[in-house]
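Notes for the one structure printed next.
The values are calculated or read from the model by the stated rules, or taken from the named source; none is laboratory data. Quick caveat: nothing in here was measured; it's all calculated off a predicted structure. Virtual Cβ from ideal backbone geometry, glycine too; neighbours counted across all protein chains shown. Accessible surface areas use protein heavy atoms only, side chains included; no ligands, DNA or RNA. Shrake-Rupley method; radii C 1.70, N 1.55, O 1.52, S 1.80 Å.
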Amino acid sequence: MKRILAALAAVILGSTVLTACLTVPTVIPHDCSSDAAPALSAWLSGLPANQVVELPTNGCFLINSTLHIANTSGLTIIGNGATFEQTVAPAQINPIVLLTQNTNLTLTGVNVTGAFNGSNGGAGQEKDYGLELEANHGVNITHSSVSNVQGDFINLQAPFDTTNGDTSLNTNINVSQDTFTNAGYHGITVESANGATFNQDTFTGMGVDAIDFEYDVYSTVF
């Protein structure tokens, strides 16, 4: 029996990757004192595969440019109620959080908050998305919130960022048990997806449409 248990333990340990949770480097401000987007984008996008990151509990990351997470594999971000906050309406219209070319990315327990005040949204601000996804393959966004964005809450977008030649559709996108409140334009926009599930989410306060399905720019070759 001991030999059987020892052999089973060896199999389990040999096939399991044990990854400790990482914390955000202290040099990246998490009190909304200055724009954390460039440093946080670079750090998250540069992590090796299959990492788990815990954000500081109820931390605040000022995102007055764009938080761009790109080309990660197996990354899990546990928000612990932390906020990615845009405090001023951007001069250039950009998403608050941009996810491109990630594989098996999980984002849970985070809050994305924009600078929409009820009057500074509309068609001209559509691209000031809360979340924009391009050419991702396996994304889970759960138990999170998106609020007060000037444009759309979330857009599954065609790939404007074609780094590494990736022009694929988003695939296997799952958005569940999230809350979306106050958008200056659309709620959900789907332009580029093969497999997208929205489940047990709550959407309120959309300026124009709840759902926008369209395919505006790219040719049928794409």
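Once label points are set 7 Å from the Cα along Cα→Cβ at both Phe213 and Ser73, what is their separation, rounded to one decimal in nm?
Output for this residue pair reads 3.4 nm.
Could you check which residue among Ile63, Ile211, Ile78 shows the biggest mean-square fluctuation in a GNM of the chain with a 10 Å Cα cutoff?
So, out of Ile63, Ile211, Ile78, the one fluctuating most is Ile211.
In units of 2.2 N^0.38 Å, what is the alpha-carbon radius of gyration of the chain?
Values: Rg = 18.6 Å, N = 222, 2.2 N^0.38 = 17.1 Å.
So the Cα radius of gyration is 1.09 times the expected 2.2 N^0.38 Å.
For the stretch 20-109, taking Cα atoms only, what is the radius of gyration to one decimal and the Dmax to the nearest whole Å?
Using the Cα atoms of the stretch 20-109, the pair Rg, Dmax is 12.4, 39 Å.
So what's the back-of-envelope 222 nm ellipticity for the chain, counting only DSSP H runs of four-plus at -39500 (n - 2.57) apiece and dividing by all residues, rounded to 500?
Working: 2 runs with 23 residues, N = 222.
About -3000 deg cm²/dmol.
With a probe of 1.4 Å, find how much accessible area the stretch 31-89 has per residue, and write the answer as a whole number in Å².
Details: 2250 Å² over 59 residues.
Spelled out: the 1.4 Å probe surface of the stretch 31-89, per residue, equals 38 Å².
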